[in-house]
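**Q** Can you keep this structure in mind? I'll have questions shortly.
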Amino acid sequence: MISLITNFLTNAIQSGTSVLYGIYGETITERSGIVNLGTEGSMILGAIAAYIVAADSGSMGLAIICAMLAGGALALIHAYLCINRKANQLASGLTLMFLGLGIAAFYGREYVSVSITGLNKIAIPLLSKIPVIGEAFFNQDILTYLSFVLCPVLWWFLYKTRKGLFLRAAGEDKEVVYAYGKNPQSLRYLATVLGGMISAIGGAQLSIAYTKTWSEGMTNGRGIIAVSLVVLAKYNPSKAMIGAYVYGGAQALNVILQSQGVEISPFLLMMLPYVITLVALFVSSVRKGTNAPNELKNIIGG
């Protein structure tokens, strides 16, 4: 029983980490007043870029850097369309999501059967030996550990630093930003591109750390789930882990039930993470307010 719980927690964290990066990235983006439904596109480009570089060079560090550049480039297009060309943010994001999926599918054709070593797990002495939770939390890959650290770092940046204050002000009232001699457009550019880069790390974690394989469309809606969970977490990175690991737990339950031979339709199990997310969003929506930045309220409500 203990081993089963440990296995569940381990898989929940590994599966949820890619979504967690997507939530982090989109939280930064939306705090500046831009919503990016193209998060899925940044994640899939991060996944394929990391996989190609890892397969061809064997350098995991270079793979992660290239993933960030690919995800950031797609987000840069979104920033230009929305900020400079005043395009509809939702339409731009959806279009770029499909663009990212198409590019990844095209360049990933030759890598479907290519194997890589990927990122190895790193066991933290003593902590990894803690019963039940030690293996799950303290025997993970470096990107998973980084996701733990990013949570307090992003919270501190957004709520305890002057730069974070200006970024949030860009999403609340750009006139205030102008009054302090800052350019809200520049802040939104920075937040959108940085958000795309962070989201792309989630794609890299998925391809070179969690699955260590490449398959077309392997993000499987994780970017869209991340955008939804940003609302559920009320735009606060400190609450993001809960939503990400709930999703990861549903994915882990899917794997465990199938491995245990439970007679449930695999199609129903595949639906489980998305059903849980929808239920969580419904429960959240009946509460008053979503803490959405003012610049987004006319776009997404709240």
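**Q** Among the residues of segment 147-171, what is the count of those that are open to solvent by 50 Å² or more (accessible area, probe 1.4 Å) and in contact (Cβ under 8 Å) with a residue 24 or more places away in the chain?
**A** So the count comes out to 3.
**Q** Looking at segment 245-270, which of its residues are under 19 Å from S18 (Cβ atoms) and either free of Cβ contacts under 8 Å to residues at least 12 places away in the same chain or among the basic types (K, R) (or both)?
**A** none
**Q** Let me ask something additional. Checking the condition open to solvent by less than 10 Å² (accessible area, probe 1.4 Å), not small (G, A, S) and not in a helix (DSSP H, G or I), which residue from I23, I34, I44 passes?
**A** One residue alone meets the criteria, I34.
**Q** Further, regarding this structure: S113 versus (1) hydroxyl-bearing (S, T, Y); (2) surrounded by fewer than 20 Cβ atoms within 10 Å (Cβ to Cβ); (3) modelled with pLDDT of 95 or more: which is the lone unmet condition?
**A** Only one criterion in (1) hydroxyl-bearing (S, T, Y); (2) surrounded by fewer than 20 Cβ atoms within 10 Å (Cβ to Cβ); (3) modelled with pLDDT of 95 or more is unmet by S113, namely (3).
**Q** I need the full set of residues from segment 14-35 which are over 13 Å from A226 (Cα atoms) and not hydrophobic (A, V, I, L, M, F, W, C), in order please.
**A** Q14, R31, S32, G33
**Q** Scan segment 183-216 for residues that are closer than 19 Å to G100 by Cβ and without any contact (Cβ under 8 Å) to a residue 12 or more places away in the chain and report the count.
**A** Total satisfying the criteria: 1.
**Q** Take the residues of segment 217-250 that are aromatic (F, W, Y) and more than 19 Å from G38 (Cβ to Cβ): which is modelled with the lowest pLDDT?
**A** Only one residue fits best here, namely Y247.
**Q** Within segment 154-272, which helices (runs of 4 or more DSSP H) (wholly inside it) include 3 or more residues that are out of contact with any Phe, Trp or Tyr (no Cβ under 7 Å at 6 or more places or on another chain), under 25 Å from G93 (Cβ atoms) and among the hydrophobic types (A, V, I, L, M, F, W, C)?
**A** Ranges flagged: 162-172, 184-205, 222-232, 240-259.
**Q** Look through segment 53-103, keep the residues that are surrounded by fewer than 23 Cβ atoms within 10 Å (Cβ to Cβ) and of a type in the set (V, I, T), and return whichever of them is nearest to R188 (Cα to Cα).
**A** Within segment 53-103, the match that is nearest to R188 (Cα to Cα) is I83.
**Q** Go through L45, L101, L74, L146 for me and flag whichever is within 28 Å of E172 (Cα to Cα), of a type in the set (A, V, I, L, M) and at pLDDT 95 or above.
**A** Going through L45, L101, L74, L146 in turn, just one is within 28 Å of E172 (Cα to Cα), of a type in the set (A, V, I, L, M) and at pLDDT 95 or above: L74.
**Q** Residues F137, F106: which one is within 30 Å of Y189 (Cα to Cα), among the aromatic types (F, W, Y) and either in contact with a Leu (Cβ under 6 Å, 6 or more places away or on another chain) or part of a helix (DSSP H, G or I) (or both)?
**A** Of F137, F106, the one residue that is within 30 Å of Y189 (Cα to Cα), among the aromatic types (F, W, Y) and either in contact with a Leu (Cβ under 6 Å, 6 or more places away or on another chain) or part of a helix (DSSP H, G or I) (or both) is F106.
**Q** Based on what the data block shows, is K212 of a type in the set (D, E, K, R) and under 30 Å from A54 (Cα atoms)?
**A** yes
The values are calculated or read from the model by the stated rules, or taken from the named source; none is laboratory data. Since we're looking at a predicted model, the values are computed, not measured. FYI the Cβ positions are ideal-geometry reconstructions off the backbone, even for glycines, and counts take in every protein chain you see. To get the accessible areas, we keep the full protein, side chains included, count just its heavy atoms, and leave off ligands, DNA and RNA. Shrake-Rupley method; radii C 1.70, N 1.55, O 1.52, S 1.80 Å.
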